[in-house]
Amino acid sequence: GQNIDQPTEMTATEGAIVQINCTYQTSGFNGLFWYQQHAGEAPTFLSYNVLDGLEEKGRFSSFLSRSKGYSYLLLKELQMKDSASYLCAVRPAAKDMRFGAGTRLTVKP
Amino acid sequence: EADIYQTPRYLVIGTGKKITLECSQTMGHDKMYWYQQDPGMELHLIHYSYGVNSTEKGDLSSESTVSRIRTEHFPLTLESARPSHTSQYLCASSSGYEQYFGPGTRLTVT
């Protein structure tokens, strides 16, 4: 089967750093994605990893270890607007996409 | 800014009705997708298309059907709506690895 696991909820303080982990077990691997989804809105793309290592984009970074089936999304200098669900998704095959249930992040003042 | 549109945004309909959810994109993307998402749950891929006249089912079994007669248009049809179809339906498109999502249609079947 295909499994993508991430914590259900996390809370962090404004200005802090938070790391959201994602582990996956899929039949194949053609890339890992992170999306942000605010309540009641559509997901928006944050990052894409296909090779091991860290991808940095502004305040957001994403890390991938294919041998461990592991990724994390790192959010720095948290802002209140970062309160949202963060979805980890894996492409097991070229024509497939599997999403985790998402991690609901609450940023407190 | 992605240009992908879905109508209606909200729909409440009775059991047994036929409905079509519209999705259009103006980016010329060849790939389009339909996802189903229940509140607080993961997105499930129900249909996808890699070009005109090409459609395939996703990992979640769905009683809906889709068509892709034009590049920009990817409607989803339920022939006979049931309460179990109550959910949010999200359309997406891509040309590369990044998918752009529409605002979604929240469907309630009574």
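The values are calculated or read from the model by the stated rules, or taken from the named source; none is laboratory data. Everything numeric in this text was worked out from a predicted model, so none of it was measured. Don't worry about glycine lacking a Cβ; one is built from the backbone with ideal geometry, like all the others, and counts go over all protein chains shown. Ligands, DNA and RNA are stripped out before the accessible areas are found, and what is left, the full protein with its side chains, is counted by its heavy atoms. Shrake-Rupley method; radii C 1.70, N 1.55, O 1.52, S 1.80 Å.
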Checklist entry - So B:PHE101 clears everything in (1) in contact (Cβ under 8 Å) with a residue 24 or more places away in the chain; (2) more than 11 Å from chain A (Cβ to nearest Cβ); (3) more than 13 Å from B:THR20 (Cα to Cα) except one condition, right? Which one? => result (2)
Checklist entry - Cβ-Cβ below 6 Å, separation at least six or inter-chain, first residue in region A:13-25 and within 15 Å of A:TYR86 (Cα to Cα) and open to solvent by 50 Å² or more (accessible area, probe 1.4 Å), second assigned to a strand (DSSP E or B) and at pLDDT 95 or above: which pairs? => result A:GLN19/A:TYR72; A:GLN19/A:LEU74; A:ASN21/A:TYR72; A:THR23/A:ASP5; A:THR23/A:TYR70
Item to check | B:GLU56 more than 11 Å from the chain's Cα centre (by Cα), more than 28 Å from A:TYR48 (Cβ to Cβ), loosely packed, with under 13 Cβ neighbours inside 10 Å and acidic (Asp, Glu) | outcome: no
Checklist entry - Is one or more of the residues making up region A:7-16 among the hydrophobic types (A, V, I, L, M, F, W, C) and under 12 Å from the mean Cα position of the chain (by Cα)? => result no
Item to check | Selection count, region A:1-12, where residues are open to solvent by less than 80 Å² (accessible area, probe 1.4 Å) and farther than 13 Å from A:SER83 by Cα | outcome: 5
Next on the checklist: Looking at B:LEU11, B:LEU21, B:LEU45 in this structure, which one is modelled with pLDDT under 95 and either open to solvent by less than 60 Å² (accessible area, probe 1.4 Å) or outside any loop (DSSP other than H, G, I, E, B) (or both)?
Outcome noted: B:LEU45
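Yes/no matrix, rows are residues, columns are (1) in a strand (DSSP E or B); (2) under 11 Å from the mean Cα position of the chain (by Cα); (3) surrounded by 19 or more Cβ atoms within 10 Å (Cβ to Cβ); (4) of a type in the set (A, V, I, L, M):
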{"position": "B:THR15", "(1), (2), (3), (4)": "no, no, no, no"}
{"position": "B:TYR33", "(1), (2), (3), (4)": "yes, yes, yes, no"}
{"position": "B:PRO39", "(1), (2), (3), (4)": "no, no, no, no"}
{"position": "B:LEU60", "(1), (2), (3), (4)": "no, no, no, yes"}
{"position": "B:LEU90", "(1), (2), (3), (4)": "yes, yes, yes, yes"}
{"position": "B:GLY96", "(1), (2), (3), (4)": "no, no, no, no"}
Checklist entry - Can you tell which of A:LEU75, A:LEU54, A:LEU64, A:LEU105 is open to solvent by less than 30 Å² (accessible area, probe 1.4 Å), without any contact (Cβ under 8 Å) to a residue 40 or more places away in the chain, over 26 Å from B:GLU56 (Cβ atoms) and away from every other protein chain (no Cβ under 12 Å)? => result A:LEU64
Item to check | Single condition B:PHE74 does not satisfy, out of (1) within 20 Å of A:THR44 (Cβ to Cβ); (2) within 14 Å of chain A (Cβ to nearest Cβ) | outcome: (2)
Checklist entry - Listed residues A:THR11, A:THR106, A:THR26; which is in contact with a Lys or Arg (Cβ under 8 Å, 6 or more places away or on another chain) and more than 20 Å from B:TYR48 (Cβ to Cβ)? => result A:THR11
Item to check | region B:62-78, subset part of a loop (DSSP other than H, G, I, E, B) and under 16 Å from B:GLU22 (Cβ atoms), residue most open to solvent (accessible area, probe 1.4 Å) | outcome: B:ILE69
Checklist outcome for this item: Of the residues in region B:98-110, those that are within 27 Å of B:HIS29 (Cβ to Cβ) and either open to solvent by 10 Å² or more (accessible area, probe 1.4 Å) or in contact with a Lys or Arg (Cβ under 9 Å, 6 or more places away or on another chain) (or both) number 8
Next on the checklist: Out of everything in region A:78-100 that is within 14 Å of another protein chain (Cβ to nearest Cβ) and of a type in the set (D, E, K, R), what residue ends up being surrounded by the most Cβ atoms within 10 Å (Cβ to Cβ)?
Outcome noted: A:ARG98
